[in-house]
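The structure appears below as structure tokens.
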Amino acid sequence: MSDDLSSGLLTGRWTLDAAHSTVRFARKGLWGLITVTGTFGEIAGHADVLADGTARGTLTVGAGSLDTGNARRDRHLRSDDFFGVAVHPKILFAAERIAPEGDAGQVRVSGELTVTGVTRPLTFTARATETAPDGVTLTAEPEIDPAAHGMTWNLARMMRGPARLALTLRFVHTPAAASETSGAADTTKAPDAAAASETSGAADTTKAPDA
């Protein structure tokens, strides 16, 4: 496998291979003493490669599928203090432009991220870790400001700094005939049990129950 995108990719629809992709989350808590990490278990998406070599696409994440290895904390993260999944079950990133930039295998991704119904611009650099005629894997670590998306709960200011996402996204080329007949195929994957076990030691940053 090569990581060189300079030779170009097949034009048309590329579908996210959710079984071989991950979206992980990390943010410092307890006044920076620990880092809470977790994995989103429900992801889906696609990209359309255009004739000029650029692309656009979408990534959809199930907000309620975030697993930090602590059930009580996960319930709090699903509440209105954070993701408010009852009203906003999906996180959406709409990539308006994906274009080669700089070194071979590097691309600039520009688009809009919608979390809790609040949309903000997001631009970051991604890198191809493998490229084949029918498959490409991109990795990136964009940072987001939770407060900019309405997540302002911060008991005693325990949460520090931005949240960092760790993305590993594998896309496979979808033949034209298949993309025309498949419709919106569900590429959601089940939660990653291994990732959950890795994060089970993370400290509990939830607030105490109301009296």
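Rounded to the nearest 0.05, what FRET efficiency do Thr139 and Lys90 give with R0 = 25 Å and r taken as the Cβ-Cβ distance? Could you check? Approximately 0.65, to the nearest 0.05. In the context of the full set of protein chains, region 97-157 has a per residue accessible area of 49 Å² (1.4 Å probe).
Amide H to amide H distances under 5 Å link Gly135 with His173, where only residues 5 or more positions off or on other chains count and H is placed in the peptide plane. Compute the distance in nm between two label points, each set 7 Å from the Cα along the Cα-to-Cβ direction, one at Thr119 and one at Arg75. Computed distance between label sites Thr119 and Arg75 equals 3.5 nm. Pairwise Cα separations in region 2-128 fall into 10 Å bins from 0 onward with the following percentages, short to long: 12, 36, 32, 16, 4.
Maximal additional length on extending the Ala19-Ser110 stretch stands at 30.3 nm, based on 0.36 nm per residue less the C-alpha distance. Available extension along the chain between Glu130 and Ala176 is 14.3 nm, counting 0.36 nm per residue and deducting the alpha carbon span. Computed about the Cα centre, the dipole magnitude for region 53-160 is approximately 380 debye when only Lys and Arg (+1) and Asp and Glu (-1) carry charge, each at its Cβ.
The values are calculated or read from the model by the stated rules, or taken from the named source; none is laboratory data. As the structure is a computational prediction, the values presented were derived from the model and not from experiment. Virtual Cβ from ideal backbone geometry, glycine too; neighbours counted across all protein chains shown. The protein model used for the area step is the full one, side chains on, heavy atoms only, and it has no ligands, DNA or RNA in it. Shrake-Rupley method; radii C 1.70, N 1.55, O 1.52, S 1.80 Å.
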